[in-house]
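Below: one structure, written as structure tokens.
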Amino acid sequence: MKPGQYGVLGAAFRHADSVLSLSQWEELISRAREADLLGTLGSRFDERDRMRDVPAAPRAHFTAARITCAGQQASVEREVRELQRALHAVGVPIVLLKGAAYLLAKLPPSRGRLFSDVDILVPKATLPAVEAALMLAGFATTHPHPYDQRYYRRWMHELPPMQHQKRMTVLDVHHTIVPETGRVHPDAGALIRAAVPLEGWDGMCVLAPTDMVLHSATHLFHNEELTHGLRDLVDIDALLRHFGRNGGFWPALTARASEMDLGRPLYYALRWTARLLDTPVPAEAANAVERHAPGAPVRALMDLLLLHAMRPTVARRSTRWARHALYVRGHWLKMPMPLLAWHLTVKSLRREEQPA
């Protein structure tokens, strides 16, 4: 394992006090922007009172990222208020996921983070009422093709993505955290029952600390897309450092992973945050998830693929190939082979039907 291959970006997150030359600053800014981590890195410098040591030119990039982030965060807060109003009559808790949850719960991963959409989790039985309320509030599906609608509604863990027709914001409505056709089956009802209400946000919740980490780990290590893999790993690192200050968190986390059938993604999360970001994972926790590790050949292959795939740049051929291999793996985890073969065949035929 050679985390040094991540260059100045990896070093900046592991050792924020390192001294850089102007050429290294240029590379750092470029790589951080590629990884959508420029604002996050700037917030780290602010927390360590290091921004005053940053030369003027790179400091300007961090300032611009801070302004962009502040605007996006204000937009997300407004959007959650709109969702609160739209779904109030449905009468069920709405669980915010990922970036919106980090922001509204004022958790460390939200500092400097960029946002692309809002994700919520609701009980599956309430999907018709939730979808109807959202449509009345101005949301519409972004995937009108009949096959896409059937694909999401029959096999996936969410409705087809929705977009507000005026605000143009994108919303993902989940009823669980992995596809129901997948190889793991966490209890979505247990996740919702354990969710923590957000103070000042009536009807809105976030996942419990252990479940938030498990969801983030599953989202990264069961996903077919690793475009933002390093950013997602930085999120997990921040959550582990924050929640891990509570001594009871670590045994609760490993126990919950076993209970939820999510031991393997947690194994990868603890292994890779420790290796790339020096996350302080207690030996007891690392040992507890070892029983969820794959066999030695698979472990070696995954180490190689993840090392290359989570690089912020795709300039290297090895990164592109690693991401492609993990793309195939992600689909294999989502569907049994006959369904996957059918799905890929349909997608291929649809591409051929598109006009040149």
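The values are calculated or read from the model by the stated rules, or taken from the named source; none is laboratory data. These numbers were taken from a predicted model, which means no experiment stands behind them. Note: ideal-geometry Cβ built from the backbone for every residue, glycine included; neighbour counts use all protein chains shown.
Before moving on, here are some points about what is shown:
- Verdict on Ala274 being assigned to a helix (DSSP H, G or I), among the aliphatic types (A, V, I, L, M) and surrounded by 15 or more Cβ atoms within 10 Å (Cβ to Cβ): yes
- Near pairs, Cβ below 7 angstrom, 6+ apart or cross-chain, from segment 129-147 (touching a residue at least 24 places away in the same chain (Cβ under 8 Å)) to any residue that is small (Gly, Ala, Ser) and surrounded by 12 or more Cβ atoms within 10 Å (Cβ to Cβ): Ala133/Ala86; Leu134/Ala86; Ala137/Ala86
- Criterion (closer than 20 Å to Arg231 by Cβ, exposed (fewer than 15 other Cβ atoms within 10 Å of the Cβ) and of a type outside the set (D, E, K, R)) met by exactly one of Thr319, Thr313: Thr313
- Of the criteria (1) assigned to a helix (DSSP H, G or I); (2) under 30 Å from Ala32 (Cβ atoms), which one Leu134 fails: (2)
- From the list Ala11, Ala35, Ala100, the lone residue that is surrounded by 13 or more Cβ atoms within 10 Å (Cβ to Cβ), in contact with a strand residue (DSSP E or B) (Cβ under 8 Å, 6 or more places away or on another chain) and either closer than 30 Å to Thr176 by Cα or among the small types (Gly, Ala, Ser) (or both) is Ala100.
- Taken over segment 244-260, the criterion of being surrounded by fewer than 20 Cβ atoms within 10 Å (Cβ to Cβ), out of contact with any Ser or Thr (no Cβ under 8 Å at 6 or more places or on another chain) and farther than 23 Å from Glu180 by Cα is satisfied by Gly244, Arg245, Asn246, Gly247, Gly248, Pro251.
- Residue match in segment 110-118 (condition: part of a helix (DSSP H, G or I) and within 30 Å of Gly244 (Cα to Cα)): yes
- Test: residue in segment 41-63 that is without any contact (Cβ under 8 Å) to a residue 12 or more places away in the chain, more than 30 Å from Leu28 (Cβ to Cβ) and out of contact with any Gly (no Cβ under 7 Å at 6 or more places or on another chain): no
Conditions tested, residue by residue: (1) modelled with pLDDT under 95; (2) within 29 Å of Arg320 (Cβ to Cβ).
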residue	(1), (2)
His185	yes, no
Leu191	no, no
Ala195	no, no
Trp201	yes, no
Val213	no, no
Thr227	yes, yes
Arg241	no, no
Gly244	no, no
Pro251	no, no
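- Flag for Arg241 being surrounded by fewer than 20 Cβ atoms within 10 Å (Cβ to Cβ), in a helix (DSSP H, G or I) and touching a Ser or Thr at 6+ places or on another chain (Cβ under 8 Å): yes
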